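Everything below concerns the one structure shown next.
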């Protein structure tokens, strides 16, 4: 997985633009118990998961991330910050698994393969959680530790505001594009939907922020397919 890094802070000597991180694609074996309830479901699952493991995951997953490190001036220029602490700098981060998986899931659903579409969507959510973990590791290893700072994840409330802030930031980047041809637009700022964003804030002391990732409202709990396959990928930090 490629992580495209832009350093606007002047705080790090290493300004390497492209980093590579190992990406472990989900195998989907943890989904098997939920498709054992009938012989027909079991058969469809086994056929599709075999196809996924042998070819689809390589064909449909194109994970990458974009990280921009900002100093205090840049931070206050683009973002409205929480009042929980004093922050020295921040890393605006965007990650995605690419559009191919979503497109294929939509094709499956449109052709009457609803079960396969659901399985693929669940695999995509797991893959997105893995991409986020790669970003977390990059933030810690390449920024927080070298600077001797603590990092805190900030997911602002008011989705439209943070999207417009991220949009303004990424549109003023050197390439004026996301990464690998991905360019956020005001119409679809987070396309593909299997994408995520976070503002990692850095300080000299540990700070527990009050903001958290977006939740589904209302939460269906046991009635949610994702809950049934190991827990909510949003609420569970390391994914299902």
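Read the figures in this text as sums done on the coordinates, not as results from a lab. No experiment lies behind these values; they were computed from the predicted model shown. In this analysis, Cβ positions are derived from the backbone assuming ideal geometry, glycine residues included, and neighbour counts consider all displayed protein chains.
Neighbour counts of other C-beta atoms within 10 Å: give me 49, 143, 88 arranged from fewest to most. The partial results should precede the final answer.
Values: 49 21, 143 24, 88 16.
Result, fewest neighbours first: 88, 49, 143.
Cβ crowding within 10 Å, taken as a proxy for footprinting-reagent exposure, orders 115, 13 from fewest neighbours to most as 13, 115. Model label points for residue 44 and residue 205, set 7 angstrom from Cα along the Cα-to-Cβ axis, are 5.6 nm apart.
Neighbour counts of other Cβ atoms within 10 Å put 35, 150 in the fewest-to-most order 150, 35.
Annotation: extensible slack from residue 23 through residue 144 equals 41.5 nm (criterion: 0.36 nm per residue apart, minus Cα-Cα distance).
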